[in-house]
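Working notes, beginning with the structure itself.
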Amino acid sequence: MVWAKNKTLLITTSAIALSMVASAAHAGGFALREQSAYYQGMSFAGYGTTSDSISSMFWNPASLMGAGEGLTVEAHNSIILPYSDIDGTFSGNGFTIPGSTAGSGDIASDAWIPASYAAYRLNDQLVFGLGINAPFGLTTKPDFSWAGQYYSRTSKVFSLNVNPTVTYQVNDMIAIAAGVQGQYIDVSLKTADPFSGGARTNEIKGDDISFGATAGITIKPWKGTEIGVGYRSAIGHNLDGDLILPSGVPTSGIAAGTYAIGLGMMTPDMVNISAKQSITDKIRVLGTVEWTNWSRLKSPRAELDSNGATITTLHFNYEDGWFFSLGGEYDFNEQLTLRAGLAYEISPIDEDIRSTRLPDNNRWWLSAGASYALNDHLAFDIGYSHLIPESTKIDIGPGHQDYNASLGTYKADVDSNVNIFSASLRYKF
């Protein structure tokens, strides 16, 4: 039974981590920030205020009051080029890994993140909006036989979020908005099984659809100044899926096969405050402060569908995440606008809980971008960001929440950086 307990702990650790693997190198926790080429160029400063782009609705639906007459549509695309290499040593307590110092190779996978938006202005007071995004996701894949394989192998996450909204102009100063989120998540995660000959791979996978809300307000207290407050709610998911154990498991006490499971998890809610100040007719300064309630994760549980029994409870103890950004934009002429921004992100993960699946850390964002209006109807945006994480270490040993005494310790240094290229097309009918 000791072997069985250790194995279920390993499997469930992997199950929870699957929702967090994607963005270790480019966003705090497992969120994808890359939802707008327009705001990418300013490190997302001022993203909750009105602008020429309706992509701001992702963070604050009240910003849709800046939409033009009739129908506006936008397509944003981001290419994320991350690099993350884990170089460390596994010291086994009963298990060994040939090449216990083998590095992970580049665990981060390049990704394409699309985002689409539409807004229809019914009259001077009402605007209807629709956003389609991938707020969580991506993939990590270390070398198959690496020193940390008992703690992680391949991990994949896919999400799709559909967000219809309604914005109402209260008066010349204030606009308010609310919306609904429908969110789908599909996950798959693999880990080396120390209880099987040849370190075969076990897998856990599942998916779920659930719902949440968005809300926001914009205030223009005087000419040239705007403040926006946006909210995206937490969404509770119960992933229905399977636990797949490899054949030939010798002494774990759990038979090989496929087991139906449910895994409860909750994506965090987020509050942001943005501001925009016109300096001249051509120059604007923008800023954003964002708080993400990652402490909602707390202690998720994995349960067997057959009897509802909890396999194990995991205590993540995440702190909340913070994001601070400052940027500016300059209208070079009537067609071309230039922008740049700087941001600092405080990760919800520190060394006490950092894992091989999520070597996340605080980071700096350096960004630049531009917009070009071809005519009154068609415009293009480009944005670029370079992310610089702080020095990052992994120390899975006694006292670490992922530590399994039957397996051993894993200590490593992480070398990572990220480049992000974004582009969008905006069209007003």
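Please enumerate, by chain and number, the lysines with C-alpha under 27 Å from the C-alpha of K428, excluding those fewer than 8 residues away in the same chain. Cross-link targets: K220, K223, K276, K282. Karplus-derived 3J(HN,Hα) values for the stretch 120-133, using 6.51 cos²θ - 1.76 cosθ + 1.60 with θ = phi - 60°, are 10, 8, 7, 7, 5, 10, 10, 10, 9, x, 8, x, 10, 9 Hz; glycine and proline are entered as x. Comparing Cα centroids, the stretch 271-308 and the stretch 201-222 end up 10 angstrom apart.
Packing around the peptides 171-181, 155-165, taken as the average count of other Cβ atoms within 10 Å per residue, puts them in this order, highest first: 155-165, 171-181. Potential lengthening of the chain between W322 and V180 amounts to 48.7 nm, from the contour at 0.36 nm per residue minus the alpha-carbon distance.
Spin-label model, D376/A255: points 7 Å from Cα along the beta carbon direction are separated by 7.4 nm. Charge tally around A379: other residues with Cβ under 15 Å, Lys/Arg +1 each, Asp/Glu -1 each, net -4.
The slack in the chain from L160 to L81, taken as 0.36 nm per residue of separation less the alpha-carbon distance, amounts to 26.4 nm.
Spatial offset of the stretch 29-101 relative to the stretch 367-386 amounts to 17 Å, using the alpha carbon center of each. Hey, what's the stretch 276-332 come to in accessible area per residue, 1.4 Å probe, Å²? About 54 Å² of surface per residue is accessible. Using only the alpha-carbon atoms, how far is helix 2-17 inclined from the longest principal axis of the chain? Give it as 0 to 90 degrees, nearest 10. Tilt relative to the chain: about 10 degrees.
Please compute the contact order of the chain in relative form: average sequence separation of alpha-carbon pairs under 8 Å and at least six residues apart, divided by the residue count, as a percent. Result for the chain is 21 percent.
Among 143-153, 106-116, 374-384, the peptide with the highest mean count of other Cβ atoms within 10 Å heads the list, and the full ranking is 143-153, 106-116, 374-384.
Among the listed values [x] 25, 56, 19, 0; [y] 27, 51, 20, 2; [z] 23, 50, 23, 4, 0, the one matching P(r) over Cα pairs in 20 Å bins from 0, in percent as calculated from this structure is [y]. The portion of the accessible surface of the chain made up by carbon and sulfur, rounded to a whole percent, is 60 (1.4 Å probe; DNA, RNA and ligands excluded).
Residues in the stretch 74-174 average 43 Å² of solvent-accessible surface per residue, probe 1.4 Å, ligands and nucleic acids excluded.
The values are calculated or read from the model by the stated rules, or taken from the named source; none is laboratory data. Only a predicted model underlies this, so the values are computations on that prediction, with no experimental measurement involved. Here Cβ is always computed from backbone atoms with ideal geometry, including for glycine, and neighbour counts include all displayed protein chains. Areas reflect the complete protein model, heavy atoms only, side chains present, ligands, DNA and RNA absent. Shrake-Rupley method; radii C 1.70, N 1.55, O 1.52, S 1.80 Å.
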